[in-house]
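The values are calculated or read from the model by the stated rules, or taken from the named source; none is laboratory data. Note that the structure is predicted; figures quoted are calculated from it, not measured. Neighbour counts run over all protein chains shown; Cβ positions are idealised from the backbone, glycine included.
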Amino acid sequence: MAAPAGRPKVTNMNHGFLRRYLFSTDHKTIGLQYITLSIFAAFVGIALSVLMRFHLVYPESRWRLLETLWPDGAPGGVMTPELYLSLMTMHGTIMVFFLLTTVPQGGFGNYFLPLQIGAADMAFPRLNMLSFWTTFLSFVVLCAAFFVEGGAPLAGWTAYPPLSAVGQIAGPGQGLGQTLWVLSIALFCIASLMGAINFITTTLELRTRGMSLLRMPLTCWGWFTTAIISLFAFGVLLAGGVLLLLDREAGTSFFLPAGLMINDKLLANKGGSPLLFQHLFWFFGHPEVYIAILPGMGAVSTILATFSRKPVFGYRAMIWAMLIIGFLSFVVWGHHMFISGMSPYSSIAFSLLTVTVGVPSAIKTFNWLGTIWGGSLRLTTAMLFALGFVSVFISGGLTGLILGQPALDSYFHDTYFVVGHFHMIMGVATVFAAFAATFYWFPKMRGRMMNETLGRIHFYLTFIGVYAIFIPMHFAGIAGNPRRYADFAQFDFLKDLSFLHKATTHAAFFTAAVQLLFLFNFLWSWWKGPKAGQNPWHATTLEWTLPSPPPEENFGHNPPQVHRGPYDYSLPGAPKDFLMQQEER
Amino acid sequence: MNVAAPGARRRASHTGLYAFLCSVIMFFGAFTSAMVVRRGASNDWKGIPAPDLLWVNTGILALSSVAVEKARRHLREGNRKNFNIAWSTASLLGALFIAGQILVWKDLRAAGVFLNSHPGSAFFYVGTVAHAAHLAGGWIAMAFLNWQALRWTLGPGKRTAVDVASIYWHFLGLLWVYLLWLFRFWGN
Ligand code: HEM
Ligand SMILES: [Cu+2]
């Protein structure tokens, strides 16, 4: 709410603990809450994946811990296929929604969008608080699935019916566990929609004087485009979720066809279409992958420019590329359904549109290379992760072009090739961007520096680790290895891959362990890191004009006047090698 | 809000509202396309017997929109008393619409048409309940403003809240007409 001019705003210092740390409406606190939630979710997700990889290569081994944790899921310490599938479902759901969707937008976006456009807060601070707590509730509801009768659901993060719709008789987790999953996703949709409304309004209405749209840092463009995509995508998933819930709980037949026999029982449903759910899901699902990566693209652009001491190459082209990607993301969903029996003509249309995404993606990639080309690179940890992002974006994007061919995809679909593709481009790329953003902005958020040596070690080991995990998965996929199977050892044609899988698993253990370095660095620097100044990286955007950490009211009653674009590095004839956005000269 | 420009909050409220409307349109758009696909997927589609009450409800909702517009005119002219009368009428009609919808659902159930009877009934219940839920949200905002108005704490200065609530209300009216067409004509 507007404070009357000339009167100092009441600051957070006067609030009690609850208002200050829990139910705060300050975008910076909310951003940190999102970041904390995501880091926690990430470690839960990592732990689940380690258990899965372990089972894949040592399917017979007995492990007391497993039996303690899941007495029904691992009798005698051996993981059942049902437990494996439930870990897989929870891993995918937690990672996609509560890490990849949450940290780039809810976390960094919340913290830095108002700062970078010179605003005091988001447009609707209370709505902002509400979206965080709804996200939190959604996470709690999802995790509750582990603890209820039957355990967590088995249907994967895509939750295709019939499996996800028929209930308990299809498997232990398909009862209450799957219901909680649907509820959790519905809550997540609502939270994301609230967030999107806030981001869009803030960007359009709260920019400070002189901050025209074409002077916004590309980070802001990333959050803005992401918010628009979210606004149009999550409502569709919500609709799909509601219908799925009714099929499960109210005996409707939206997605369930006639004549379904499950475990020798004939279901009463008739006439529904499982493919209908796939369409609804992927109409959301493909935009969702860009919801995950676009904010990262924005952050990487900024970070590459800062540490190359050069303006972003083709600033306007970068914006157009993002907007075009955002638009195209709504018309390619069919590429997830090439083998669903769709008409070959639709396949061709979806295929052509899909490969078209390659054009703006390539524009971005070349512009990133153009940005660092000939720059005086400073290989800080943030910069290394940004470069790593470009690397995995290329390696993951190229396999997308392969999957985008219906002829090739009819072989690759549901193999490890797809798993390799999306982990590389969605998982690793987004996480690299998040690491880059963390190292870049930690000094601003905390007023202390993170440890660079530890950071670089963490980067190099992680970089090697992720390639060692995910590149071999492509080979497994080429060899025909199906995904979402709990045990490959039973298939003769996969026997030769056992070494490859062992290597992958060990790389996964290694990479997971390396992440503890990051956690340690983060926590240690939070309390003990050396003090950071106002602008340690000599960056140009508005957040660096404030003390670290910024005061509660951000710019207070002196919203800055912006005079220039966001990337004025190495200006000819300027006294120093950068000019900040509010500097006149 | 630190942007000194006057009307910043007013503009922000409208932008936020229109963004919200986009997401509601996407929700009902997905609902519609699910309906089209589901109808084409099998030959078990049946329409629903449409109680006359639906038409009465439609009329009530239309009248409430008219009352809302009248109220806004009075507020612009600073005539608070007439505003209160018109706005209260609108709130009452809004409540009446929701009550009417509940009666429709009751009638249908009495006629043996349940959520899981057939796809036509399933989509009808989901669509009308979702609409009523959105409407109930708008009605709460309306009733809150009404409460303020009757205590004379709502002046022309709070025009933004009134305007935003009104736009949302008209939108839900249009959405209702669309849904009615969908169920009554397309779906029968
Ligand atoms: C030029 C760019 C891209 C192309 C042509 C492309 C193409 C494809 C295709 C055809 C599939 C379906 C494979 C199958 O299931 O058989 C797929 C799966 C997937 N892609 Fe991409 N992709 C691209 C970029 C991206 C990006 C940027 C992301 C994320 C940030 C992403 C995330 C995913 C995910 C998560 C899946 C698998 C979902 C699942 O089945 O669980 N892709 N991609
Ligand atoms: Cu896709």
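Exactly one residue out of A:Ala152, A:Ala123 is in contact with a Ser or Thr (Cβ under 6 Å, 6 or more places away or on another chain), of a type in the set (Gly, Ala, Ser), over 22 Å from A:Phe234 (Cβ atoms) and crowded, with 24+ Cβ neighbours inside 10 Å, and it is A:Ala152.
Is it the case, given these coordinates, that A:Ala317 is touching a residue at least 12 places away in the same chain (Cβ under 8 Å) and closer than 19 Å to A:Val466 by Cβ?
So A:Ala317 does not fit the description; no.
For the range A:326-363, the tally of residues that are closer than 17 Å to A:Leu294 by Cβ and small (Gly, Ala, Ser) stands at 5. Of the residues making up the range A:518-530, none is more than 14 Å from chain B (Cβ to nearest Cβ), at pLDDT below 95 and surrounded by 13 or more Cβ atoms within 10 Å (Cβ to Cβ).
Considering only residues in the range A:390-409 that are within 16 Å of ligand 2 (Cβ to nearest atom) and small (Gly, Ala, Ser), the one that is nearest to A:Ser347 (Cα to Cα) turns out to be A:Gly404. Might you let me know whether the range A:306-314 holds any residue that is touching a helix residue (DSSP H, G or I) at 6+ places or on another chain (Cβ under 7 Å), closer than 18 Å to A:Trp223 by Cβ, more than 15 Å from ligand 1 (Cβ to nearest atom) and in a loop (DSSP other than H, G, I, E, B)? Yes, some residue in the range A:306-314 is touching a helix residue (DSSP H, G or I) at 6+ places or on another chain (Cβ under 7 Å), closer than 18 Å to A:Trp223 by Cβ, more than 15 Å from ligand 1 (Cβ to nearest atom) and in a loop (DSSP other than H, G, I, E, B).
Please find, among B:Lys106, B:Lys81, B:Lys158, B:Lys70, the residue that is out of contact with any strand residue (DSSP E or B) (no Cβ under 7 Å at 6 or more places or on another chain), free of Cβ contacts under 8 Å to residues at least 24 places away in the same chain and within 21 Å of B:Leu53 (Cβ to Cβ).
Going through B:Lys106, B:Lys81, B:Lys158, B:Lys70 in turn, the sole match is B:Lys106.
Got at least one residue in the range A:449-462 being within 16 Å of ligand 2 (Cβ to nearest atom), closer than 26 Å to A:Ile39 by Cα and assigned to a helix (DSSP H, G or I)? No, the range A:449-462 has no match at all. Within the option set B:Ala50, B:Ala41, B:Ala90, being modelled with pLDDT under 95, in contact with a Ser or Thr (Cβ under 9 Å, 6 or more places away or on another chain) and among the hydrophobic types (A, V, I, L, M, F, W, C) holds for one residue only, B:Ala41.
Being away from chain B (no Cβ under 14 Å) and either closer than 30 Å to A:Trp223 by Cα or modelled with pLDDT under 95 (or both) is a property that holds for A:Pro172. Scoring A:Thr371 on the criteria (1) within 16 Å of ligand 2 (Cβ to nearest atom); (2) touching a Leu at 6+ places or on another chain (Cβ under 8 Å) leaves a single failure, condition (1).
Within the range B:31-43, is there a residue that is over 16 Å from the mean Cα position of the chain (by Cα), away from chain A (no Cβ under 14 Å) and in contact (Cβ under 8 Å) with a residue 12 or more places away in the chain? No; the residues of the range B:31-43 include none that is over 16 Å from the mean Cα position of the chain (by Cα), away from chain A (no Cβ under 14 Å) and in contact (Cβ under 8 Å) with a residue 12 or more places away in the chain.
Just the residues that are part of a loop (DSSP other than H, G, I, E, B), at pLDDT 95 or above and touching an Asp or Glu at 6+ places or on another chain (Cβ under 9 Å), please, taken from the range A:122-150.
Residue satisfying the conditions is A:Ala123 alone.
A single entry from A:Thr89, A:Thr36 fulfils the requirement of being modelled with pLDDT of 95 or more, away from chain B (no Cβ under 14 Å) and over 30 Å from A:Leu127 (Cβ atoms): A:Thr89. Is it true that some residue in the range A:319-337 is part of a helix (DSSP H, G or I), more than 24 Å from A:Phe255 (Cβ to Cβ), away from ligand 1 (no atom under 16 Å from the Cβ) and hydrophobic (A, V, I, L, M, F, W, C)? Yes, the conditions are met somewhere in the range A:319-337.
Just one of the listed residues (A:Leu183, A:Leu204) is surrounded by fewer than 24 Cβ atoms within 10 Å (Cβ to Cβ) and more than 11 Å from chain B (Cβ to nearest Cβ), and it is A:Leu183. If the condition is being more than 9 Å from ligand 1 (Cβ to nearest atom), small (Gly, Ala, Ser) and surrounded by fewer than 19 Cβ atoms within 10 Å (Cβ to Cβ), then the range A:343-367 contributes A:Ser343, A:Ser346, A:Ala349.
Selection within the range A:332-342: residues that are within 14 Å of chain B (Cβ to nearest Cβ) and surrounded by fewer than 21 Cβ atoms within 10 Å (Cβ to Cβ). The member of this set that is nearest to ligand 2 (Cβ to nearest atom) is A:Met337.
Does A:Ile303 fit the bill of being away from ligand 2 (no atom under 12 Å from the Cβ) and either within 14 Å of chain B (Cβ to nearest Cβ) or under 24 Å from the mean Cα position of the chain (by Cα) (or both)? When the stated conditions are applied, A:Ile303 passes them.
Is it the case that the range A:426-441 has a residue that's of a type in the set (Phe, Trp, Tyr) and within 16 Å of ligand 1 (Cβ to nearest atom)? Checked against the condition, which is being of a type in the set (Phe, Trp, Tyr) and within 16 Å of ligand 1 (Cβ to nearest atom), the range A:426-441 yields at least one hit.
Evaluating B:Ala8 against the criteria (1) under 30 Å from B:Ala149 (Cα atoms); (2) away from chain A (no Cβ under 14 Å) leaves one unmet condition, (2).
Kindly evaluate A:His563 against the criterion of being assigned to a loop (DSSP other than H, G, I, E, B) and either under 26 Å from A:Arg446 (Cβ atoms) or of a type in the set (Ser, Thr, Tyr) (or both). No; evaluated as a whole, the condition is false for this residue. What single numbered condition from (1) touching a Leu at 6+ places or on another chain (Cβ under 7 Å); (2) buried (at least 21 other Cβ atoms within 10 Å of the Cβ) fails to hold for A:Leu243? Exception for A:Leu243: condition (1).
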